[in-house]
1. Can you tell me the dipole magnitude for the stretch B:25-83 around its Cα centre, using point charges on the Cβ only (Lys, Arg +1; Asp, Glu -1), in Debye to the nearest 20?
2. Sum up the charges of everything whose Cβ sits under 15 Å from the Cβ of B:LEU186, counting Lys and Arg as +1 and Asp and Glu as -1, but leave B:LEU186 out.
3. For chain B, rounded, prolate or oblate, judged on the Cα gyration tensor with a ≥ b ≥ c (square roots of eigenvalues), a/c < 1.5 rounded, else prolate if a/b > b/c?
4. Rank A:LEU91, A:ASN64, B:ILE43 by how far each Cα sits towards the positive end of the charge dipole of the protein assembly as shown (+1 on Lys, Arg Cβ; -1 on Asp, Glu Cβ) and give me just the farthest.
5. Kirkwood Rh and Cα-based Rg: tell me the resulting Rg over Rh for the stretch A:118-178, rounded to two decimals.
6. Given just the C-alpha atoms of the stretch B:25-83, how large is their convex hull per residue in cubic angstrom?
7. Can you check what the net charge comes to around B:ILE38, using other residues whose Cβ is under 11 Å from the Cβ of B:ILE38 (Lys, Arg +1; Asp, Glu -1)?
8. With the cut-off at 25 Å, tell me which of the pairs A:LYS113/B:LYS219; A:LYS113/B:LYS69; B:LYS69/B:LYS113; A:LYS50/B:LYS113 have Cα atoms farther apart than that.
2 protein chains.
Amino acid sequence: MSLIWGQLVATTGKTIRRPRTTIPLSRDRIEAHALELIEEQGIDLFSIRKLAERLGCQAMSIYNHFPSKAHIFDALMARVLGSIPIPDRSLTPAQRLREFAQSWRALARESPKFYLWLSICQWNSVAGTRFLSEMLACFYDAGFTPQRAAYGFRVLGYYVQGVATDESSGYANGPSSVDPIGAETLARDFPQVAEAHAFFTNEHFDNVFELGFGALLRKLELE
Amino acid sequence: MSLIWGQLVATTGKTIRRPRTTIPLSRDRIEAHALELIEEQGIDLFSIRKLAERLGCQAMSIYNHFPSKAHIFDALMARVLGSIPIPDRSLTPAQRLREFAQSWRALARESPKFYLWLSICQWNSVAGTRFLSEMLACFYDAGFTPQRAAYGFRVLGYYVQGVATDESSGYANGPSSVDPIGAETLARDFPQVAEAHAFFTNEHFDNVFELGFGALLRKLELE
DNA sequence: ACCTGAACACCGTTCAAGT
DNA sequence: ACCTGAACACCGTTCAAGT
C-alpha cells in the first residue's frame, strides 16, 4: 500500500482508507501530463513508467484509460491538431491558408519535441483527416478542382512542414550528432557556411517563411 | 561457446578452434547491416541486439567498433549523406540545385525508414555541414550574398525536406494511427478529401514537386 | 470500474574476464 | 585488439488479484 494513495488508519481493529488526496486519473489529465513530460525530456526519454510517477499512480493504472502507448500518442495528435483554430470563413482562401500555416508553425514552436514525432507519423486518423479537410476547403472555396486542390495543399503543406520541422528541431530539439562540428573546423573547412551562419538563426524565420510562402501562393494564383 | 564462432574439436585431449567461418566485424559491415535492418523493421524495432544476431556476433562485440547506438546513427548519417553525388560544377547553379533536390528525394525513397530519423535530427555533424556547404556553393556561384544564399538554401531546403518526408513516410513508413480512418467514414464525413484522394498518390509526386520547386527557383531568380 | 504488484520479454550499456 | 557472458537499470505490456 503506497502512501501516495491514502493512509491506513486503525479504528476498532479495522482499517479504513482516508479519501484520496490525489486527483483521479482521466484521459485528459494523462494527455496533459504526457505532453508536459515529452516537452521536458524529449520523445525518446518519455515512458509510461515516468508518466505514471508524475501522475502519482502505478504504470499499469494508465492502461485503464489507454490500451497502449501508441493510443496515447494518437490521442495527443488529436489533441494538438484539434487545438488549431479554424480561420473565419469570411476571410479569403489565401488569408485562411496563411492563418493555417502560422498555426502550424506555432504548434512546432510550442510543442517542439512532440512536433518531431508529429512530423513523421501518418496523419491518417480522424483528427489528421479533419485538419487536411479544413485546409483543402480553402482551395475548393477558391474554385479549385480536386486535382488543383490536392496539388495546392501538397505544395504549401510541404513547405510549411519543412519550415516547422526546422523551427522545432533546428537548434536544440532534434537528436544532436554525438560529435557536432566545432567552430574552428567550421571556419577552416567550410568558410562559406561560416559566413552564412548568421542568417540561419531564429530571427530570420519570419522573413524566410514569407519569401517562399508568398511565392507559392502566387504561383497557385491565390494571391 | 557458440557454434556460430567455430567448432570445438577434441584432439589429444586439447581443444583447438577451427578457423572462423564468419566474416569479421568492421565498421563498414556493421553500418551496412544496420541500414538493412532499419529498412526491414523500422527505426523503432532496430536494436543493437538484433543487429548483432544478424551479424553473427554478440551484442557487446559491436561496442568494439562503435561506442554507442548514437554513434552508429551518426555514422549512418555520414554514410548516407556521403553517398549523394556532387553535381558537375560546369552546370548552372539552378541545374545543380535541381540535382541535389532529386538526390535528396531519392534518398528518402531508397531509405525511407532511415530517412524519417534523418529528417528530424540535427545535421550538425561534419557530414551534414559538408552537404549544406555543397548546396550553399550553388548560391554563392550564382553571385548571392551570404544572406541571400542562406535564405535561398532555407527556402528550397524546407520545400524539398517536406516533399522527401512525405515521399518516405506518407503511405507506409511512418507510424500509423492505431485506428486509421476508414473509407466509409472518409466518404461520409470528408467528401472533399475523398474527392481529392486520387491526387495524393505517388504518381503525382514528380508533378507536385516541380510545381513548387520551379516557382521557388524563379522567385530566387535562379531560373 | 478502476487500480495494483509481480512477472515476462525485451532494451542499451558497464564491467570483468577471456584470447 | 577484439570478443564474450553476466549483470544492471531500464522499457512496454500481460495477467491475476485486489477494491
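We did not get these values from a lab; they are worked out from the coordinates using the rules stated. A quick note: this is a predicted structure, and the numbers were derived from the prediction, not measured. Here the Cβ positions follow ideal geometry from the backbone for every residue, glycine too, while neighbour counts run over all protein chains shown.
1. Using Cβ point charges on Lys, Arg, Asp and Glu, the stretch B:25-83 gives about 200 debye.
2. -3
3. Verdict is oblate for chain B.
4. Farthest towards the positive end: A:ASN64.
5. Using Cα coordinates only, the ratio equals 1.10.
6. Dividing the Cα hull volume of the stretch B:25-83 by its residues yields 73 Å³.
7. Combined, the nearby Lys, Arg, Asp and Glu give -3.
8. Over 25 Å Cα-Cα: A:LYS113/B:LYS219; A:LYS50/B:LYS113.
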